[in-house]
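Notes follow the structure.
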Amino acid sequence: MNKINLPRSVCTDLESLAESKKIFLEGNILKVIESTEYEDFSNYIEIATKNDIENRKKRLDMTKTVQEQNRKLMQSKEENDKLMEDLKEALIVAEKAKSEAENDLDIYQKRTQFELIGNIVNYALYVIVGTGIITTALYVMAIYWSSSETTLIGNTWSNLFGILLTNSFSIIGTIMGVKYASGEKENKAVKENLK
C-alpha cells in the first residue's frame, strides 16, 4: 500500500493543533500517512490512532445506547397503542351496557305505566258496573212495587248512566292520550338519535 509522505511543516502544524486544541486526525487516513522529513511524527500517529480507537469505542457505545433507548421507546409505543385499543374496546362495551341499561329501564317504566293504566281501567270499570247494577236494581224494585218515586228514580237512573258513560269515555281518552304522548316522546328520541 502506498503511503502519503507529509512535509515537516504539515507534521508540526498537526502536532501544534493537537497540543493546543486536542484535535487529532482520525480514521483510515492514519494508516496511509507518514513523514520521512520528520521522524517524531510517528509519535503523533500513535497517539492519534489510540485516540481514534477510543473515540470509535465511545461512538459505538453511544450508538448502542441510542439503539437500546429506541428499542425501549418502540416497546413503550406498542404497549401504549395496545392500551389505547383496550380502552377503546372498553368504551364501546361501556356504551353498549349503558344503552342496554337505558332500554331495560325504559321497558320497565313502560310496563309499570301499562300496569298502572290497567289497574285504573279495572277499578273504573268496577265502579261504573257496580253503580249501574245498583241503580238498575233500585229502579227495577221501584217499578215492581209500583212506587210513587219511579219517575224520580228513572230520571236519576238516566242521568247516572249518562254521567257514568261520560266518565268512562273521559278515562279512556285520558289513557289513550298518555299512551300517545309517551309514544310521541319515543318517536322524537328515536329521530334525534338517528340524526
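The values are calculated or read from the model by the stated rules, or taken from the named source; none is laboratory data. Computed from a prediction, not measured in an experiment: that's the story for all the values here. Quick reminder, even Gly has a Cβ in these numbers, built from the backbone with ideal geometry, and neighbours come from all protein chains shown.
Quick notes on this one:
- Total residues in region 28-54 satisfying the condition of being assigned to a helix (DSSP H, G or I) and in contact with a strand residue (DSSP E or B) (Cβ under 9 Å, 6 or more places away or on another chain): the figure is 5.
- Of all the listed residues (Leu17, Leu25), the sole one being surrounded by 12 or more Cβ atoms within 10 Å (Cβ to Cβ), out of contact with any Ser or Thr (no Cβ under 6 Å at 6 or more places or on another chain) and outside any helix (DSSP H, G or I) is Leu25.
- Check on Ala124, at pLDDT below 80, touching an Asp or Glu at 6+ places or on another chain (Cβ under 9 Å) and part of a helix (DSSP H, G or I): no
- The test for being under 30 Å from Gly162 (Cα atoms) and more than 22 Å from the chain's Cα centre (by Cα) does not hold for Val32.
- Per the listing Glu46, Glu39, the residue uniquely without any contact (Cβ under 8 Å) to a residue 12 or more places away in the chain and within 12 Å of Leu6 (Cα to Cα) is Glu39.
- Residue within region 132-149 that is exposed (fewer than 13 other Cβ atoms within 10 Å of the Cβ) and in contact with a Gly (Cβ under 9 Å, 6 or more places away or on another chain) present: yes
For (1) modelled with pLDDT under 85; (2) over 30 Å from Gly177 (Cβ atoms); (3) within 47 Å of the chain's Cα centre (by Cα), each residue gets a yes or a no:
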| residue | (1), (2), (3) |
| --- | --- |
| Met62 | no, yes, yes |
| Gln69 | no, yes, yes |
| Met74 | no, yes, yes |
| Glu89 | no, yes, yes |
| Ala101 | no, no, yes |
| Ile120 | yes, no, yes |
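- Set Thr136, Thr150: member being among the polar types (S, T, N, Q), at pLDDT below 90 and touching a helix residue (DSSP H, G or I) at 6+ places or on another chain (Cβ under 6 Å): Thr150
- All of Lys110, Lys64, Lys58, Lys72 fail the test of being touching a residue at least 60 places away in the same chain (Cβ under 8 Å) and part of a helix (DSSP H, G or I), apart from Lys110.
- Selection from region 1-29 of residues that are aliphatic (A, V, I, L, M) and within 60 Å of the chain's Cα centre (by Cα): Ile23
- Count of residues meeting criterion [farther than 26 Å from Gly162 by Cβ and either touching an Asp or Glu at 6+ places or on another chain (Cβ under 6 Å) or surrounded by 12 or more Cβ atoms within 10 Å (Cβ to Cβ) (or both)] in region 108-121: 4
- Residues of region 1-14 satisfying the condition of being surrounded by 12 or more Cβ atoms within 10 Å (Cβ to Cβ) and among the hydroxyl-bearing types (Ser, Thr, Tyr): Thr12
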